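Notes follow the structure.
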Amino acid sequence: MSGYNPLTNLDRRGVLVGVVAVLLLVPAASGVATAAGATSVSITPTDGSIDVGQTTTFEVVVNDAQGGVGASEFSVAVDDSVAEITDVDVLGGGATSVDIADDGSAVEVEYAFRDTADTGAVPVVEVTLEGEAGGQTDLSLEPAAGNDAVLVFDEEGTGYDVTETNGAALTVEAEPEPEP
């Protein structure tokens with residue numbers, strides 16, 4: 001007897017073919033992790049003006065989406081002695097977390113599972129501010145707590161390479177002094 005058993009040899013051959021197939025397919029399927037593309041994030045308009053007690057709204061916009069904007073994590077900060085953040089609206093549906101600081105000086109925004117325009121400039125959040133005292137303040141985009149950068153993801157969950165963040169300025173006009 002030669003010891004040849006077609007079932008045993010087939011099983012070994014099948015296992016070997018399966019292992020080779022997996023070794024070839026796994027790297028091809030997983031690929032190298034790539035960014036969704038480069039983009040910048042801006043607050044618009046770039047400047048605004050209101051009187052003490054009035055409100056105005058600014059938008060946070062992903063400037064060059066190439067696959068929508070499905071998720072993001074960032075913070076917007078302002079000098080609360082001049083203006084306070086009073087409201088935030090994440091545009092579109094999905095899961096959101098918005099945390100406005102008690103003094104109105106900042107808001108942390110995190111959202112996911114959004115369906116947006118796939119290309120171009122995509123507004124993602126509206127931030128409402130109220131004038132507190134005469135002066136000027138910058139609105140700045142900053143990383144959310146625990147992050148090193150402003151994070152933006154396309155609708156597939158792939159991160160954008162955020163190359164620049166652009167803030168805005170707000171002037172609050174003080175009420176004029178009454179004439180004596």
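The values are calculated or read from the model by the stated rules, or taken from the named source; none is laboratory data. The model shown is predicted, which means the values in this text are computed figures rather than measured ones. Note: ideal-geometry Cβ built from the backbone for every residue, glycine included; neighbour counts use all protein chains shown. These accessible areas exclude ligands, DNA and RNA; they are computed on the full protein's heavy atoms, side chains included. Shrake-Rupley method; radii C 1.70, N 1.55, O 1.52, S 1.80 Å.
Listing for the model above:
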| item | result |
| --- | --- |
| Within segment 80-98, tally of residues that are open to solvent by 40 Å² or more (accessible area, probe 1.4 Å), at pLDDT 95 or above and not hydroxyl-bearing (S, T, Y) | 4 |
| Segment 61-72, residues that are outside any loop (DSSP other than H, G, I, E, B) and either open to solvent by 20 Å² or more (accessible area, probe 1.4 Å) or small (G, A, S) (or both) | N63, D64, A65, Q66, A71, S72 |
| Qualifying residue in segment 31-44 (condition: open to solvent by 60 Å² or more (accessible area, probe 1.4 Å), out of contact with any strand residue (DSSP E or B) (no Cβ under 9 Å at 6 or more places or on another chain) and at pLDDT 95 or above) | no |
| Matching entry among V22, V52 (being at pLDDT below 50 and more than 15 Å from L141 (Cα to Cα)) | V22 |
| Filter result (more than 18 Å from L91 (Cβ to Cβ), assigned to a loop (DSSP other than H, G, I, E, B) and open to solvent by 60 Å² or more (accessible area, probe 1.4 Å)) within segment 45-60 | T46, Q54 |
| Breaking point among (1) closer than 16 Å to S140 by Cβ; (2) surrounded by 16 or more Cβ atoms within 10 Å (Cβ to Cβ); (3) at pLDDT 95 or above, for A101 | (2) |
| Which numbered condition A121 misses (of (1) within 13 Å of V60 (Cβ to Cβ); (2) modelled with pLDDT under 95; (3) surrounded by fewer than 18 Cβ atoms within 10 Å (Cβ to Cβ)) | (2) |
| Selection count, segment 138-180, where residues are assigned to a loop (DSSP other than H, G, I, E, B) and loosely packed, with under 13 Cβ neighbours inside 10 Å | 12 |
| Subset of segment 104-117 [within 12 Å of the chain's Cα centre (by Cα) and either basic (K, R) or open to solvent by 50 Å² or more (accessible area, probe 1.4 Å) (or both)] | E108, E110, F113, R114 |
